[in-house]
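The block underneath contains the structure these notes are about, expressed in structure tokens.
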Amino acid sequence: MFGGEGLYAGERIIGLVIADQIYLKTTDTNRADYLAENCVPFSYRRGKTLTDTSYYAVPERLLDDPEAFAAWARKAEAAARAAKPPDGKKGRPPKGHK
């Protein structure tokens, strides 16, 4: 997945770890938290097109505060549950995921 790892809560992907950066899932319900802390979305380039995803970098301060990080992760899980899976997908982890 984009050269990184997926973070799962049950069958839902709630985050990504790419190039030593953690990104968590956002929707309209929690994206403002990330924007208020000047966090950026994970972006990728396909050809000449740069695409922002719904996964935003977590604020660095959360890495030293497990309780606050857990609260943001729970919001990411809620966002993942609320988001519609891509067409043809069931929101399940890839084979071999435990």
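Worth pointing out:
- Computed 3J(HN,Hα) for the range 27-35, one whole-Hz value per residue from the Karplus formula 6.51 cos²θ - 1.76 cosθ + 1.60 where θ = phi - 60°, is 9, 4, 6, 10, 4, 4, 4, 6, 5, glycine and proline marked x.
- Ranked packing of 10-18, 30-38, most packed first, by mean Cβ within 10 Å: 10-18, 30-38
- Here the Karplus curve 6.51 cos²θ - 1.76 cosθ + 1.60, taken at θ = phi - 60°, turns the phi angles of the range 59-75 into couplings of x, 4, 4, 5, 5, 9, 9, x, 5, 5, 4, 4, 5, 5, 5, 5, 5 Hz, with x standing for Gly and Pro.
- Amide H contacts of Ala9 (H built 1.01 Å from N, in plane; Pro and chain starts excluded): Ile14 sit under 5 Å, all sequence-distant by 5 or more or on other chains.
- Annotation: peptides 57-66, 20-29, ranked by per-residue average of other Cβ atoms within 10 Å with the highest first, follow the order 20-29, 57-66.
- Whole-number percent relative contact order across the range 5-82, with pairs defined as alpha carbons under 8 Å at least 6 apart: 34 percent
All of the numbers you see were taken from the coordinates with simple rules; none came from a lab. Keep in mind that what you see is a predicted model, and the values were worked out from it rather than measured. Glycine gets a Cβ as well: all are built from the backbone with ideal geometry, and neighbour counts include every protein chain shown.
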